[in-house]
Each structure stands twice: as C-alpha cells, then as structure tokens.
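The values are calculated or read from the model by the stated rules, or taken from the named source; none is laboratory data. Since the structure is predicted, the reported quantities are computational estimates derived from the model, not experimental observations. Every residue, glycine as well, gets a Cβ built from its backbone with ideal geometry; the counts of neighbours run over all protein chains shown. For accessibility, only protein heavy atoms count, side chains too; no ligands or nucleic acids. Shrake-Rupley method; radii C 1.70, N 1.55, O 1.52, S 1.80 Å.
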Amino acid sequence: MMLEVQRRIATLRDSSGNGRPLYERVAHEMSQAIRTGELRPGERLPSVRQLATDLGLSVTTVMSVYARLGDLGLVHGEAGRGTFVSEAPDLPKTAAPTRGGEPVGPTRGGSAWRRQVLAQTEARLTQSHPAARDLTRGGPDPRLLPLAVVKRAYRDVAARLRAQDLEYPATLSTEPELADALAKRLTHDGIETDTDDLLIASSTQQFLALLAVLLKRRSPGETALVAVEEPGYQTAMDTLEFHGLGLVPMPLDEAGATVEGLRAAIDAGVLAVLFTPRAHSPTGCCWTAQRRRALADALASHPDVWIIEDDQFAEAATVRPGSLYTDPRLRDRVVYLRSFSKSIAPDMRLSMALARQPIRHPLTLAKSFADGWTSRTSQRVLAATLTDPRLDELLTEARTEYTRRRTAVQEAVQQVGASQQIGLFVPEYDTDGLHVWVTLPGGCDADRVVEATAQRGFLLAAGQPFFLSPGHQRHLRINAGALPTEHAPQLAAAIGEAVVGLMGQPTALLTP
C-alpha cells in the first residue's frame, strides 16, 4: 500500500499546493491514507532517509512530515525499530475547513519541528562522524566564558547566604543589587530605565512563552499572529507556534527586518512583532540607527501592536544600535529582553525583561503562575558577576575573538567560492554574534552539502529550520564562534569540495 501512497506524494512536488508548505501537503496525503485504512495500523513506515530518497525530498521535510503525523496521533516511533502507524489513531472530532480536499490555513498546534530537526540531525551526524568538529549548535565557546568571575561570584554570594534567603520571597521584584547592575549596563547601551520595570525569568524562551499566553488572551476565538524575522531564531518560532500563535514573516537585509516587511506584517493583522536588534541569529545582521528610527516610525501609528526585542548577545556584542524602548511613542508597549547565555553562562538560566504598563503587570502575573519566582540566589550571583571589575576585560577579549573567527570564516568561504567559481555567497556587510550564514549556488541542496561536509570533518546546520516552513534548501548556518581561526581555511575547503562534488548531480531520486 505504501508504494501507491508514495506515487501520489511524488506528484505533490510539482504543484504549488495553493501556497501550502510541501511538508504539510505530504503529511495530509499520508494522514488521509491512514484514516482510510490504506496504511494499516501497525504498518512500519520507511525510515526518514529512505522515504526522502524515494520521494526526492530533503531529510528535513520528511522529518517534519513524521513530526506532524506524530502530533496528530497517527504514527509513533519505537527506539531502534522505526516509525509505525498507530493502532488507534486519534481522529479529529470536527472536520477542518478544506479547499480542494485539503485543510485551509497554516498549521497550528506546535510540533516544534525546527528544534527537533536540528537536534536529530546533530545527533545523527555526531554518531556517524564522531571525530568531526561540531559547528551545528548556537552556543558560545565555553573557553570564552568568564569562568573565573562566575566562580568568584558564587563563592561571594554563598559566603553571605542566610537561612531566610532560602525562604519563599515576599514579592517578585528584582533583587536590588541585580536591578542596579542591570540599570548601569542598560544605560551604557543608551537605554535609561526605572528599575521597577525590570522582571527576571529563567530564560528568554520563558518570557516568549508567557507573552504568547498574553497574546492569545488578546485574541479570543482567533489565532493571534506575531511577525518574526525570516530567516530567524528557530527556538522563538517553535515556542510561539507551540503555544498556538501564527507566524508572519518579515524579510531581512543587512540592517535587519525591513520596513516594508514590517508594514506588510502589520497589514496582515499581527498583534506583536519580534525583533533582534543585533547579532541576529542566524545571519548576524544588526540594526543601524536609521533602521531603528524607520521601524519606530512605521510602528508609531499602530498603538495596539506589541514590540518584543530579543537582545540575546548584548554583553558580547560589538555594536550598540539602541532599543525601540527609548522612543516615547512606543515605550509603553515595548518588551525588551536581554539574556546572558552567550556572554556569561548558559547554565545560569537568567534573562531580564524591561516592560512598562500595561504589559508589565500581566507579564508579572503570568510569571507568578508559571514557576512563581526566579531564584534570588541566582540573581545575586549574576549581580556579582556583572559588577566584577575583571568582567569587562574578559568580555572584550571574547567579543574580539568572536569577531576574528567570524571574519576568518567569511573570508575563507569567499575565497573558495571565488577561486572555484561555485557561487558561494556570504554577507559582505558587518555582522555580529556567533554565526556565519552561507547561501549555496542554485540547485545545490543544503542537506546534501551538510552530509558531504561532515565526511570532510565539519558538522554544519542546514538552513531550513530557520524559516517558517520547510523547503529552503540553499543555506548553511555555521557557528563560527566555535571554530578557532586557524581552522577556517579547512572548513571553507570542505564546503567547497562538497559543493563541487554535488553540483550537477540530480537532487531527486524517484522510484517506480
């Protein structure tokens, strides 16, 4: 039976599908086959790699299909055995609206497919190529974190710890010493604030989840829409979708989200916009002062649109583009988020939000019902870290080294692309952060380049998970921050060899 289903799926590749992502159309075809009994309960489905090869699809697309079917309760995985049709699939109680027999509108419900794809791909590549250098992750180089300062902060805070410090807190207010330390850092970035407007959570992801809850309440009975950068931060997209929000893309240029993209998203009815002002993941682009002002002007006449800024690389960044929070027209609806995972320590699990009424109160209330409060001891450790006189010297060393590493990878890839005339493109504008974003020549499949590069000693991430929907097969994300500069030429050569070896080869292999 699976062979007949595969024949039908193969025809989907050549149709537009009314704009629906290919993975949704494939998942719909397979779900119909399961519900009608064409694919029987207990039947084993082809492996992800086998089905991708048979249908001429990317591994990422098939992984997204299986994730979607799993969310619907139609299939389940068994460790070491494969994926099977469920014995009693969970069928919807009401029929969804259709157009031509297919569901209308974007998929909701949140399979978090992007994070799953990245994690599963990394696990598979690491197992297959254990000696390869892993550049798939988005984390900092542990050797560039201020370990000595953090250890000293823990010792100092522990020495001052009292029994009552371990009790339940009376309020959710930020620890005074941390509020003062953060206010000074914000002022240095041109962001003056009242410390009463600060709220601490375990991560930016927690803040996004809490904001998603608030946005859903603003749109009862309808799908709340949020504008996000595309390509963009995959965990933010997954988190918002997981909580039932719909995403509207804003395209990027060298200065971040474009004003035209923002206006189009507002016209689409978004309730909020999510920006990365600097060190954008995955492209590295940063706002200019001119772009920040232009975005502010576009938002000024739309007072119902919330503005969320994810300043995830702040302490290690080289540029200071400012914040929309500083614009008096917007301040009351800006939520400025700042985390310390990339600069201080991912495991410290602290992030701050700067927000005024009417957002701060419901955000604080939502936080109180999520996990109650954020450890006061951890807040004091972060405060001691941020005020340590040695910290800024170490942060300067880290940002200088990250700049060297990004530049080395960009230049090496450019040289290989030019010397072999293979059309590799990397940004020629100034970037910040950890990543280098590479665009491959037309017709060159990113998943296959990743596989071929892994065989040459480097593990990279294909670009699909950084878009709203699968199907973007021309990009690579490289964590240049994890690669010492002396290895950049080897990495570029490996990418070049992979591209040259794959160009001209067919990307679709269909079986009869």
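Quick rundown of the values:
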read-out: CD proxy at 222 nm, helix term only [per DSSP H run n ≥ 4: -39500 (n - 2.57); per residue of the chain; nearest 500]; value: -13000 deg cm²/dmol
read-out: At q = 0.10, 0.12, 0.15 Å⁻¹, base-10 log of I(q)/I(0) for the stretch 147-387 (Debye sum, equal scatterers on each alpha carbon); value: -0.46, -0.66, -1.02
read-out: Relative frequency of Cα-Cα separations exceeding 42 Å in the chain, percent; value: 22 percent
read-out: Within the stretch 147-387: Cβ-based charge dipole about Cα centre, in debye rounded to nearest 20 (Lys, Arg +1; Asp, Glu -1); value: 600 debye
read-out: Ratio of the Cα radius of gyration of the stretch 323-441 to 2.2 N^0.38 Å, where N counts its residues; value: 1.49
read-out: Per residue value of the accessible surface for the chain (all protein chains in place, 1.4 Å probe), Å²; value: 43 Å²
read-out: Distance between the stretch 202-255 and the stretch 327-348 - C-alpha centres, whole angstrom; value: 16 Å
read-out: Lys/Arg +1, Asp/Glu -1 at C-beta; the chain dipole; positive extreme among THR485, ALA224, VAL305; value: ALA224
read-out: Rel. contact order, % - alpha carbon contacts under 8 angstrom, at least six apart, the stretch 407-512; value: 33 percent
read-out: Relative pair counts by distance (%), Cα atoms of the stretch 1-85, 10 Å bins; value: 18, 58, 23, 1
read-out: Inter-site label distance for LEU172 and THR36 at 7 Å from Cα along Cβ, in nm; value: 5.0 nm
read-out: Spin-label pair ALA294/ASP156, simplified geometry with 7 Å Cα→Cβ offset, distance in nm; value: 4.4 nm
read-out: Surface share of carbon and sulfur [accessible, 1.4 angstrom probe, percent] for the stretch 1-85; value: 48 percent
read-out: Size descriptor, Kirkwood hydrodynamic radius, that averages inverse alpha-carbon separations across the stretch 104-189, Å; value: 18.6 Å
read-out: Trypsin sites (Lys or Arg not before Pro) lying in DSSP loop within the stretch 106-182, provided at most 10 other Cβ fall within 10 Å; value: ARG162
read-out: Degrees between helix 391-420 axis and first principal axis of the chain (Cα, 0 to 90, nearest 10); value: 30 degrees
read-out: 17 Å Cα-Cα reach of LYS216 towards aspartates and glutamates, excluding residues that sit fewer than 8 places from it in its own chain; value: ASP238, GLU241, ASP304
